[in-house]
1. Could we say that residue 403 is surrounded by 12 or more Cβ atoms within 10 Å (Cβ to Cβ) and in contact with a Gly (Cβ under 7 Å, 6 or more places away or on another chain) here?
2. Check off (1) open to solvent by 40 Å² or more (accessible area, probe 1.4 Å); (2) without any contact (Cβ under 8 Å) to a residue 60 or more places away in the chain for residue 181 and give me the number that stays unchecked.
3. Name every residue in the stretch 3-16 that is surrounded by fewer than 13 Cβ atoms within 10 Å (Cβ to Cβ) and hydrophobic (A, V, I, L, M, F, W, C), in order of residue number.
4. Listed residues 280, 317; which is basic (Lys, Arg), touching a strand residue (DSSP E or B) at 6+ places or on another chain (Cβ under 8 Å), in contact (Cβ under 8 Å) with a residue 24 or more places away in the chain and open to solvent by 10 Å² or more (accessible area, probe 1.4 Å)?
5. Looking at 241, 270, which one is in contact (Cβ under 8 Å) with a residue 40 or more places away in the chain, within 24 Å of residue 333 (Cα to Cα) and assigned to a loop (DSSP other than H, G, I, E, B)?
6. Can you list residue pairs whose Cβ atoms sit under 9 Å apart, with the first residue in the stretch 249-265 being farther than 12 Å from residue 283 by Cβ and free of Cβ contacts under 8 Å to residues at least 60 places away in the same chain and the second being in a helix (DSSP H, G or I) and open to solvent by 40 Å² or more (accessible area, probe 1.4 Å)? Count only pairs 6 or more apart in sequence or on different chains.
7. Based on what the data block shows, is residue 306 crowded, with 19+ Cβ neighbours inside 10 Å, of a type in the set (Ser, Thr, Tyr) and touching a strand residue (DSSP E or B) at 6+ places or on another chain (Cβ under 8 Å)?
Amino acid sequence: EFGYTAEAKYNEILMATVPGTPPAGHLYKRFKMVLKGKNNGFDTLTALSIGGKSQNLMLLISKSLTFLKDHAIAQLSAEFGSDVVPSRDVQWVLTVPAIWNDFGKAFMRKAAFKAGLIEEEQSDNLLLVLEPEGASLAVHVGAMHHGLLGVGSRFMVLDGGGGTVDFTVHEVLTVQPLTMKAIAAPTGGDWGGDYVNMEFKKFLAELLGPDLFKEHEFPFDFYSIYTDFDKIKVMFDPDTDPGKIRVVDVLDNNQQLVELAAAYNAKYPDKPIVNTPTQRRGFLTMSKALMLSFFEPFLMATVNETRKVMKEVPGIRHIVVVGGFGSSKVLTQRIRAEFHNRAGVIVVLPDTRPKPQGAIVHGAVYFGLHKDIIQSRVASYTYGVAVREDVVDDVFKVLVRKGEELPHDQ
């Protein structure tokens with residue numbers, strides 16, 4: 001099972017699991033993040049399930065791509081009334097985080113080959129597009145609504161995802177037809193929206209203490225807590241109070257949370273747990289300050305990287321916030337507070353053309369139709385080959401230097 005269906009199935013499995021025994025199935029999430037920074041291991045890299053079960057990463061990703069491929073082909077066949085051969089009749093565009101290195105990109109191409117999207121690993125029927133680069137294309141397709149178009153205009157795309165936050169910077173070369181060039185190497189890091197969940201988990205472990213924080217003994221109860229928090233995180237508005245989370249199932253008794261909350265508040269009075277009537281029934285109510293504290297490491301890392309890019313690339317006039325977590329009001333409010341209307345910079349928050357969550361996939365389709373729209377990119381690495389020179393072996397002969405502008409298709 002995949003997606004929300006998989007989560008629902010896993011929830012059923014956990015409900016049927018006897019406490020203290022391993023579940024009959026495993027759920028794998030965010031496993032593509034294993035690729036960050038890796039340089040080898042096509043067949044040996046592994047990912048862990050929520051319950052700690054190891055699985056081959058290539059199998060997980062190729063199976064996921066197979067599921068997506070089969071769904072897409074079924075839709076196409078139903079639409080056109082004919083059989084579609086995936087490896088021959090379809091131009092596939094696969095999105096990857098901007099911070100992926102060449103190994104990560106090669107891994108995704110190999111996984112697509114194993115999934116049957118292409119007949120050969122180097123087939124032109126598969127294109128890889130950087131996720132924020134795809135988002136930038138989508139935004140420019142509807143740029144009349146944002147006032148971005150204009151020869152020479154420079155803009156940054158901030159792509160906030162669950163696993164990564166990626167940045168790209170482009171300059172418009174022509175408007176009709178639209179062509180752009182990348183003027184900086186992609187950058188970013190692995191501090192996406194999941195960082196917020198990690199901070200909440202640290203908080204919960206401290207609140208409950210080692211005697212109660214037993215994830216592996218009560219997987220269903222803790223999974224339910226984390227699922228509830230994830231929903232609150234995505235919808236959280238700093239101007240409103242966060243919702244309640246049921247934690248009674250991991251307590252020894254209903255009123256135990258009152259004592260735990262009092263001890264926590266005595267230690268952290270600036271970010272307290274709210275004392276509510278439902279606290280005696282085991283429902284946790286977080287203050288705005290406490291909820292915002294979970295976001296702070298993610299926000300600081302994002303703001304610092306934005307400042308760094310702005311300093312290194314002069315002339316940026318627009319920051320476009322997109323991505324699955326790009327719709328978070330906590331993120332967008334902080335970025336606007338830090339950068340909007342400062343030094344002539346405008347922060348753009350796409351609404352419907354496109355929505356932040358859909359910008360990447362919309363741009364990926366546009367990229368597949370207009371492959372040369374980005375005229376050049378900046379090399380992220382120095383590339384070269386080993387040669388023999390003046391009787392010296394393995395001299396590094398540079399072919400491309402880091403930071404060098406590379407024309408399309410070179």
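1. Answer is no for this residue.
2. Checking residue 181 against (1) open to solvent by 40 Å² or more (accessible area, probe 1.4 Å); (2) without any contact (Cβ under 8 Å) to a residue 60 or more places away in the chain, the one that fails is (2).
3. Scanning the stretch 3-16 gives 8, 15, 16.
4. So the residue among 280, 317 that is basic (Lys, Arg), touching a strand residue (DSSP E or B) at 6+ places or on another chain (Cβ under 8 Å), in contact (Cβ under 8 Å) with a residue 24 or more places away in the chain and open to solvent by 10 Å² or more (accessible area, probe 1.4 Å) is 317.
5. Working: 270 fails: in contact (Cβ under 8 Å) with a residue 40 or more places away in the chain.
Sole residue among the options that is in contact (Cβ under 8 Å) with a residue 40 or more places away in the chain, within 24 Å of residue 333 (Cα to Cα) and assigned to a loop (DSSP other than H, G, I, E, B): 241.
6. Once the first residue is farther than 12 Å from residue 283 by Cβ and free of Cβ contacts under 8 Å to residues at least 60 places away in the same chain and sits in the stretch 249-265, its partners that are in a helix (DSSP H, G or I) and open to solvent by 40 Å² or more (accessible area, probe 1.4 Å) give 264/206.
7. Details: crowded, with 19+ Cβ neighbours inside 10 Å: yes; of a type in the set (Ser, Thr, Tyr): yes; touching a strand residue (DSSP E or B) at 6+ places or on another chain (Cβ under 8 Å): yes.
Answer is yes for this residue.
Listed here are the residues, each with its yes/no results for (1) of a type in the set (D, E, K, R); (2) at pLDDT 90 or above; (3) part of a loop (DSSP other than H, G, I, E, B); (4) open to solvent by 70 Å² or more (accessible area, probe 1.4 Å).
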site	(1), (2), (3), (4)
18	no, no, yes, yes
21	no, no, yes, no
28	no, yes, yes, no
37	no, no, yes, no
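The values are calculated or read from the model by the stated rules, or taken from the named source; none is laboratory data. Keep in mind that what you see is a predicted model, and the values were worked out from it rather than measured. Cβ coordinates were reconstructed from backbone atoms using ideal geometry, including for glycine residues, and neighbour counts include every protein chain displayed. The accessibility values were calculated without ligands, DNA or RNA, using every heavy atom of the protein model including side chains. Shrake-Rupley method; radii C 1.70, N 1.55, O 1.52, S 1.80 Å.
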